[in-house]
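Heads up: the structure comes next, in structure tokens.
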Amino acid sequence: MNPTWCVTTGRLFLRPVWGGDLADLIALKADPLVFAVMLGGVRTPQRTAEELADDVAFWGRRGVGMWAVRARADDAFLGIAGLLDRPDGRGMSLRFALHAHRRGQGLASEAAAAALRYGHERAGLGRIIAVAREDNVASRILLGAIGMTECDRFDRAGVPMVTYESRHGPRAAR
């Protein structure tokens, strides 16, 4: 792992996901309170392992990807945050998911903002999007709070979705 890919915030340490995170990822992605509304839904252990292998390879190809989000105080696994290409071709997308019992503490905002900054400032991405269900008010508020703006809407399997974007640097002009 490249140490320049790690990010530290006031309360968090974000490190690219790796094989040692598999058990934590299986627990997170199997939790319907966290992943039932995510693209692809709740994952099996096998699918989680396949996604982890893809995530590790993505870091190697792109120099961005998914981080394991851990508490700086005790190294507890809190969830994931990061940047991946959307499978629908909409672009590089900010993603985040923390354990349900960690909600309401501002940790998701802290992790998502760190991933967004990394994408713009260190990875040189001019445009980053995020997609949320229209009825996911908490995620939509979070995306606005970290500076992302609504730019599109679409329907995914009968569910209204909202796309947000963040633009930065010379490529930020439309």
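The values are calculated or read from the model by the stated rules, or taken from the named source; none is laboratory data. Small disclaimer: the values here were computed from a predicted structure and weren't measured. Please note: Cβ atoms are built from the backbone with ideal geometry, for glycine as well, and neighbour counts cover all protein chains shown.
Observations on the model:
This table checks each residue for (1) over 13 Å from the mean Cα position of the chain (by Cα); (2) of a type in the set (G, A, S).
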| residue | (1), (2) |
| --- | --- |
| A115 | no, yes |
| Y118 | no, no |
| R122 | yes, no |
| L143 | no, no |
| T163 | yes, no |
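- Count - residues of the range 43-80 that are at negative phi, among the small types (G, A, S) and outside any loop (DSSP other than H, G, I, E, B): 6
- Selected residue (criterion: nearest to R90 (Cα to Cα)) from residues of the range 128-138 that are touching a residue at least 40 places away in the same chain (Cβ under 8 Å) and out of contact with any helix residue (DSSP H, G or I) (no Cβ under 7 Å at 6 or more places or on another chain): I129
- Each residue in the range 85-111 was checked for being within 19 Å of E150 (Cα to Cα), surrounded by fewer than 13 Cβ atoms within 10 Å (Cβ to Cβ) and among the small types (G, A, S), and 1 of them qualify.
- A single member of G89, G144 is farther than 21 Å from G40 by Cβ and either in contact with a strand residue (DSSP E or B) (Cβ under 9 Å, 6 or more places away or on another chain) or assigned to a loop (DSSP other than H, G, I, E, B) (or both), and it is G144.
- Hey, M38 at pLDDT below 95, of a type outside the set (G, A, S) and within 25 Å of V162 (Cα to Cα) or not: yes
- For the range 32-42, the criterion of a residue being assigned to a helix (DSSP H, G or I), β-branched (V, I, T), under 16 Å from A68 (Cα atoms) and within 16 Å of the chain's Cα centre (by Cα) is satisfied by at least one position.
- Residue ID - surrounded by the most Cβ atoms within 10 Å (Cβ to Cβ), chosen from residues in the range 112-165 that are farther than 21 Å from L14 by Cα, β-branched (V, I, T) and modelled with pLDDT of 95 or more: V131
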